[in-house]
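No value in this document is a laboratory result; all are computed from the given coordinates. Since the model is a prediction, treat every value here as computed from it, not as a measurement. Note that each Cβ is placed from the backbone with ideal geometry, even for glycine, and that neighbours are counted across all protein chains shown.
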Amino acid sequence: MRKRDPLIRSLKYWLSISALVMWVSAGVELRADQTITVRSGNGSLGSQDSQVHALPYGTTGDITPTAAQFASAQTAPFAYVVAPYQTYIPTLPSDASARWIATTPNLSQGSALFAMPFQVTDSTITTASLDFHFAVDNAVNGVFINGNRISGNSFDGDYHTEFRFVRNDIAPLLIPNSTNWLYVNMSDYGALAALVFSATITTSNGGAGTQGISPNHGGNVGGVTVRVNGNGFQSGAQLKLTGIGADIVGTGTAVFNANILTSTLNLTGAPPGLRDVVVTNPDGTSNTLSEAFTVEQGGAPQTWVQVLGPARIRIVREGTFYIVYGNRGNVDALGVHLTLAFPSTLASGLGFGNEVGLVTSATVGPTTFVTVNLGRVAAGSSGQLPVFLTASPSQPPFTIQASVRGQ
């Protein structure tokens, strides 16, 4: 349990949203993503974790691991699967299979470096992401892949609620077709020390000969924006659906590189049924995925939002909150505006800018409002906006509100 720092308690968040963002996979050579999920607590209660190693530092406090300590952690004894202390959350809401671990069966105090291997089978990695969920006593002081810290701030945590780091830029940290290592650096400030985590690593452009498209469906009442992963895309490539009825040609097609393009398909009034997905380059080369996309009758956006962050934050230390939003529907949402509201007495910073949409902020009385014009948010997608808040010693309990309007 935390002994050192005074805490500011944050109340439960009020949620309401209507937004989306979306993706698809296809290409001149289409590839399926590899998804790897690793978690703590691989074993029965009281036993040693069969996969997660634990290297105690022998002291408390914030410690930055050295290259030698990363290497030592790979052969360190395995962590212990432990019962959560009475003030801990029982497990992660996002992954009930994850269990608490510690360096000893009785949750002895002390900072530690946890290490877990995972296998990447892709021979080529174009893009990769990490979705890391955790709770900790007292803090995660860095998440590392193969000894390299993930981008941005990865110092956060508490044991009362679930936290989350999402990074979409981890491809350079991974070793293709090899064993990789995920490290979680735990800071302890005295008394008890424990950690629970679940990590999903997704790589694209792997598994030669595999094919996939996601989302693979859309309603015939609007547009659906798709992202296509593959090989050999050329500037000016076009995407279309063929099969039942007239061809549906994608608009606003953008080729980001030889492996990724996006396009919007107007499915309004299209007959329901299976379609072939065809990508054609300006030089005439093309590839077809047969019956890979389904046009559905009707549909609508189904948007959602969730505020993720600590139930408590340490005073004068930055706490990270994520406004996570998505669309479970089968059509894009248009004209989407996301608004955040929090007390103006908090020092704040945004982990995003106008690249996600025009951002405006204003302070009205005791409240700061941040509005993001997201525009079109695609079907079947999700996104997240990091917000950094710092509380003064006199800060009372506070709430963060998130809402979205659109059509």
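Which shape class applies to region 34-206: rounded if a/c is under 1.5, otherwise prolate when a/b exceeds b/c and oblate if not, where a ≥ b ≥ c are the square roots of the Cα gyration tensor eigenvalues?
prolate
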Residue-wise HN-Hα coupling along region 51-56, computed from phi with Karplus coefficients 6.51, -1.76, 1.60 (Hz; x: Gly, Pro): 10, 9, 8, 10, 10, x
Modelled FRET efficiency - R0 60 Å, Thr66 with Ala362, Cβ distances, 0.05 increments: 0.85
Length added when fully stretched, Ser151-Thr294, from 0.36 nm per residue minus Cα-Cα: 47.7 nm
GNM result for the chain, Cα springs below 10 Å: residue of Arg317, Arg328, Arg376 fluctuating most strongly: Arg317
Highest-MSF residue in the chain out of Ala199, Ala333, Ala254 [GNM, Cα springs under 10 Å]: Ala254
Taking the convex hull of Cα positions in region 303-405, its mean projected area over all directions (nm²): 6.3 nm²
Sum of -39500 (n - 2.57) over DSSP H runs of 4+, divided by residues of the chain (222 nm, nearest 500): -500 deg cm²/dmol
For region 358-407, alpha-carbon Rg and Dmax in angstrom: 14.1, 43
The chain, Cα convex hull volume normalised per residue, Å³: 139 Å³
For region 194-199, Karplus couplings with θ = phi - 60° (6.51, -1.76, 1.60), whole Hz, Gly/Pro x: 6, 8, 9, 8, 9, 10
Debye intensity ratio I(q)/I(0), log10, region 237-357, q values 0.10, 0.17, 0.23 Å⁻¹ (C-alpha model): -0.53, -0.99, -1.40
Length added when fully stretched, Asn373-Glu355, from 0.36 nm per residue minus Cα-Cα: 5.4 nm
Derived scalar couplings ³J(HN,Hα) [region 68-73; Karplus, 6.51 cos²θ - 1.76 cosθ + 1.60; whole Hz; x for Gly, Pro]: 5, 6, 4, 5, 5, 5
Part-to-part distance (alpha-carbon centres) for region 64-115 and region 323-352, which is given in Å: 33 Å
Trp100, Trp181 arranged by Cβ crowding within 10 Å, fewest neighbours leading: Trp181, Trp100
Added length on full extension, which subtracts the Cα-Cα distance from 0.36 nm per residue, Asn106 to Asp276: 55.4 nm
Cα→Cβ-extended label distance, 7 Å offset, between Ala191 and His160, nm: 1.2 nm
Cut-off under 5 Å, modelled amide H: who pairs with Thr368 long-range: Phe342, Ser344
Order of Glu162, Glu291 under a 10 Å beta carbon neighbour criterion, fewest first: Glu291, Glu162
